[in-house]
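Taking it in order: structure first as structure tokens, then the write-up.
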């Protein structure tokens, strides 16, 4: 039976083991193949980019907030369906964490927002303003003005769904076979590419945010922590945009 890699010390353990023989740490249950995880994320991305525009062809023209909510939900539902099909214990696999991590997540999100804003300003000075970021900001303000409650729910949903896909699902799959550095870089790169920006600013900021989120996720083993942090970044950013 193939081995799995301990998320704590990086040591190899038998595939059927539940605790690491080197450090005693708890191993991920029913590890998912990194290749399978990558393909699942690619499938979710394809559905989001090409699937929902087809709705208008069948007479279902949803509003922008609904399209956004459906897109974010896809990044949770596609990996979740794969995990259920593989009979994976989802709560244990994604390391759900404790409700006490909500407070830590709010603090982490606030700090990461500061890092993101600083990095965005530096990159804007070096590369010029990003048309992709400006367009996204205008769309966010428009949707918030049209449906404020729905837009807030979308911001919260983005934190929960994207962290499930990129940290709970993809990073864990990579970590089960490779080092923490490889898992962090792989999951963060995928996270950055999903937030694609032709001028690279949005992509780089998302990549750096993914590195921080992935590190603290692995450190504290808590999906609640990173989902709260991500949602906090989104909500504070939305408030700043509306006030500005």
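The values are calculated or read from the model by the stated rules, or taken from the named source; none is laboratory data. This is a predicted model, so every value here is computed, not measured. Positions of Cβ are backbone-derived with ideal geometry, glycine not excepted, and every protein chain shown enters the neighbour counts.
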For this session: Please indicate, with yes or no, whether at least one residue in the stretch 49-58 is in contact with a helix residue (DSSP H, G or I) (Cβ under 7 Å, 6 or more places away or on another chain) and either in a loop (DSSP other than H, G, I, E, B) or modelled with pLDDT of 85 or more (or both).
Result: no
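Matching residues to (1) assigned by TED's automatic domain parsing to the domain that holds residue 198; (2) part of a helix (DSSP H, G or I); (3) at pLDDT below 90; (4) under 30 Å from residue 243 (Cβ atoms):
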site	(1), (2), (3), (4)
71	yes, yes, yes, yes
77	yes, yes, no, no
108	yes, yes, no, yes
119	yes, yes, no, yes
Problem set entry | the stretch 12-48, residues that are in a loop (DSSP other than H, G, I, E, B), under 26 Å from residue 190 (Cα atoms) and either modelled with pLDDT of 75 or more or in contact with a strand residue (DSSP E or B) (Cβ under 9 Å, 6 or more places away or on another chain) (or both) | 27, 28, 31, 32, 33
For this session: Considering each of 162, 134 in turn, give the residue that is touching a helix residue (DSSP H, G or I) at 6+ places or on another chain (Cβ under 8 Å) and either surrounded by fewer than 16 Cβ atoms within 10 Å (Cβ to Cβ) or closer than 30 Å to residue 36 by Cβ (or both).
Result: 162
Exercise. Would the stretch 134-144 turn up any residue that is part of a helix (DSSP H, G or I) and more than 16 Å from residue 68 (Cα to Cα)?
Worked result: yes
For this session: Sort out which residues of the stretch 192-217 are closer than 16 Å to residue 109 by Cα and either touching a residue at least 24 places away in the same chain (Cβ under 8 Å) or not assigned by TED's automatic domain parsing to the domain that holds residue 69 (or both), and write them in order of number.
Result: 205, 208, 209, 210, 211, 212, 213, 214, 215, 216, 217
Exercise. Of everything in the stretch 170-186 that's touching a helix residue (DSSP H, G or I) at 6+ places or on another chain (Cβ under 7 Å) and under 15 Å from residue 221 (Cβ atoms), which residue is surrounded by the fewest Cβ atoms within 10 Å (Cβ to Cβ)?
Worked result: 180
Problem set entry | Residue check, residue 157 farther than 23 Å from residue 64 by Cβ and modelled with pLDDT of 90 or more | no
For this session: Would you point out which residue out of 167, 221, 138 is under 16 Å from residue 93 (Cβ atoms) and at pLDDT below 95?
Result: 221
